[in-house]
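The values are calculated or read from the model by the stated rules, or taken from the named source; none is laboratory data. Please read all numbers here as calculations on a predicted model, not as lab measurements. Glycine also receives a Cβ, built like all others from the backbone with ideal geometry; neighbour counts cover every protein chain displayed.
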Amino acid sequence: MYLPRLILASTSPYRKELLERLGISFETAAPDLDESRKEGETAGETSMRLAIAKAKVLADLYPNSLIIGSDQVALLGDEQLGKPGTHDRAVHQLQQMRGHTLAFHTALCLYNTTTGREQHAVDITRVTMRDYSDAEIETYLQREKPYNCAGSAKTEGLGIVMIAAIVGTDPAAIIGLPLIELITMLKNEGFPLL
């Protein structure tokens, strides 16, 4: 039986590790695009636009493939928090988040380059942060260095110490790739998982 190539449009080691849990063969590729928020976009709209763009930007390079795009935006009140990139920005994000609940919008797109079929969804996970100290922020950042994680909160590592509660439908979504929804999408494409 012919199976299309499966491409993960991401260089994130966290998304790669999550997809490896399914025990299926796939490749990774770096989508080259501007990940800036557009004026007036909601967190869900930003994450969805970027997930779709990540999948589609690689379409010409990977014909006869299923391409997985994913993006995550943390929402604190009305403010979207992306990847901090630097230590100072991570400190600022964690100080803002202290004692508050955030909504992590994790968007997923599966794009079939053969048929042009596009499936997409957004998973929302609510995360309540503890009332941690500035000293705890510094210790956490020095040890974990989560500068490439939305909201600086790396739940799959030491960041769990900063968190009081997580409420969501897919434990993989908070890490960056909603596996439950992805499995449904792959099944819709006839891609065997077992």
**OP:** For the range 30-66, enumerate the residues that are closer than 17 Å to Ala150 by Cα and crowded, with 22+ Cβ neighbours inside 10 Å.
**Re:** Ala43, Thr46, Ser47, Met48, Leu50, Ala51, Lys54
Original post:
Given the residues His105, His92, which is the only one that is assigned to a strand (DSSP E or B) and either of a type outside the set (A, V, I, L, M, F, W, C) or touching a residue at least 24 places away in the same chain (Cβ under 8 Å) (or both)?
Top reply: His105
Original post:
Residue check: is Ala173 touching a Ser or Thr at 6+ places or on another chain (Cβ under 9 Å), modelled with pLDDT of 95 or more, within 22 Å of Glu35 (Cβ to Cβ) and of a type outside the set (Ser, Thr, Tyr)?
Top reply: yes
Original post:
Which of the residues spanning the range 15-71 are on the phi > 0 side of the Ramachandran plot and touching a residue at least 40 places away in the same chain (Cβ under 8 Å)?
Top reply: Asn64
Subject >> Residue count, the range 130-176 (criterion: surrounded by fewer than 21 Cβ atoms within 10 Å (Cβ to Cβ), of a type outside the set (Phe, Trp, Tyr) and in contact with a Gly (Cβ under 7 Å, 6 or more places away or on another chain)) >> reply: 2
Original post:
Just to be sure, is Leu179 touching a residue at least 60 places away in the same chain (Cβ under 8 Å), under 25 Å from Glu20 (Cα atoms) and surrounded by fewer than 15 Cβ atoms within 10 Å (Cβ to Cβ)?
Top reply: no
Subject >> Which numbered condition Gly99 misses (of (1) part of a loop (DSSP other than H, G, I, E, B); (2) touching a His at 6+ places or on another chain (Cβ under 9 Å); (3) at pLDDT 95 or above) >> reply: (2)
Original post:
With respect to Asp60, is the statement that it is of a type in the set (D, E, K, R) and outside any helix (DSSP H, G or I) true?
Top reply: yes
Original post:
What residue, among those in the range 123-153 that are within 12 Å of the chain's Cα centre (by Cα) and free of Cβ contacts under 8 Å to residues at least 60 places away in the same chain, is farthest from Arg89 (Cα to Cα)?
Top reply: Asp123
**OP:** Answer yes if at least one residue in the range 31-45 is closer than 25 Å to Val127 by Cα, part of a loop (DSSP other than H, G, I, E, B), among the polar types (S, T, N, Q) and modelled with pLDDT under 95, and no otherwise.
**Re:** yes
Original post:
Do the conditions hold for Ile180, that is, is it of a type outside the set (Ser, Thr, Tyr), touching a Ser or Thr at 6+ places or on another chain (Cβ under 9 Å), modelled with pLDDT under 95 and closer than 27 Å to Ala53 by Cα?
Top reply: no
